[in-house]
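Notes to accompany the following structure.
Each value in this text was obtained by applying a stated rule to the coordinates, not by laboratory testing. What you see is a predicted model; the values in this text were computed from it and never measured. Cβ atoms come from the backbone with ideal geometry, glycine included; neighbour counts cover every protein chain shown.
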């Protein structure tokens, strides 16, 4: 089977006009779409550049704040070592003072015990001497022949 031969003459018919019109319309629509897309991309690019510059500005401000905070932290860290030493020294001094106080309390307790025993001995001796003085006094009175006096004398009593 053979195809019919085409005529050498270019014919304008309705189908050709519709096809050429649709191709031109397609090209125009595609070009307009590309133009709109390019304009949106260019505008979006400007918006993004603006946002990037705002973010960079904010990051710079945050970096300055962080540097100031870092400097404050460094100053506080520098103070920690001397404060730790002072705290340790104060704790050691407190422990030494506590030990010295305990030793002093032990000495005071021994002195009080010794004094208490000596005081007890002195009171006993004073009571014995008082009793002997009363006995001698009554003997002297008996020897002199004087009437007896009723004198109430209270002996020294231990606390």
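One table, with the values for the structure above:
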| item | result |
| --- | --- |
| Pair residue 40, residue 18: separation of 7 Å Cα→Cβ label points (nm) | 3.2 nm |
| Largest-first principal axis extents of the Cα set of the chain (Å) | 191, 37, 34 |
| Alpha-carbon centroids, region 47-84 and region 91-127: separation in whole Å | 63 Å |
| The chain: angle of helix 14-144 to the longest principal axis, Cα-based, in degrees nearest 10 | 0 degrees |
| Angstrom value of the Kirkwood radius, inverse mean 1/r, which spans all Cα pairs in region 5-66 | 16.4 Å |
